[in-house]
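None of the figures in this text is laboratory data; all of them are computed from the coordinates on show. Just so it is clear, the structure is predicted and the values come from calculations on it, not from any experiment. Here the Cβ is made from the backbone with ideal geometry for all residues, glycine too, and neighbour counts use every protein chain on show.
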Amino acid sequence: MKFLSFYRPFAGTMTDFVNQFRHNEALYSQARAYWSRLENASVIIFIIFLVLGTLMAAIYYQPYNNRPGRRYTPIHWLIFLALTFILTFFVTWGFEYLAVPPKLDGAAMKLLNIALGNALYTSILYVGWSCIWCLFLPTNAYRFFKKII
């Protein structure tokens, strides 16, 4: 499966990327091949989104918050949210850079945009898991979602 359309708001479309090379046939075919490799790698990028968003929420709500005698405030949750964003950005960017090295003009910026989008989506997933955990699952964490809803 190809999940690059999930990142369209950040990466744009293949047509946008490839059309900048339309006056040079060799670069045009390289751009199409590059986009195809990027689409193939998008499955792993999507898996990074799912795994890191779920894993960071699970770490926050289970081992981190089950330490005895600690009082947790929303700042702890915000720190984990920031860590989730930063970790996802660098893991995604590193994977993209190794899997599909940017050899064309504008390709490096596409990779950064996709990594930024993946980090944003993962942060949203972390917030979603946090809402579910605060409302329905046992935790020692500060339950600010229960106070909001």
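Key figures for this structure:
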| item | result |
| --- | --- |
| Whole-number percent relative contact order across segment 43-148, with pairs defined as alpha carbons under 8 Å at least 6 apart | 42 |
| Mean residue ellipticity (222 nm) of the chain, computed from DSSP H runs ≥ 4 via -39,500 (n - 2.57), nearest 500 | -24000 deg cm²/dmol |
| Unit charges on C-beta of K, R, D, E only; dipole of the chain, Debye | 620 |
| Segment 1-79: projected area of the alpha-carbon convex hull, averaged over directions, in nm² | 7.1 |
| Ratio of the Cα radius of gyration of the chain to 2.2 N^0.38 Å, where N counts its residues | 1.29 |
| D_trans [Stokes-Einstein, Kirkwood Rh over alpha-carbon pairs] for segment 53-138, 4 °C, 1.567 mPa s, µm² s⁻¹ | 91 |
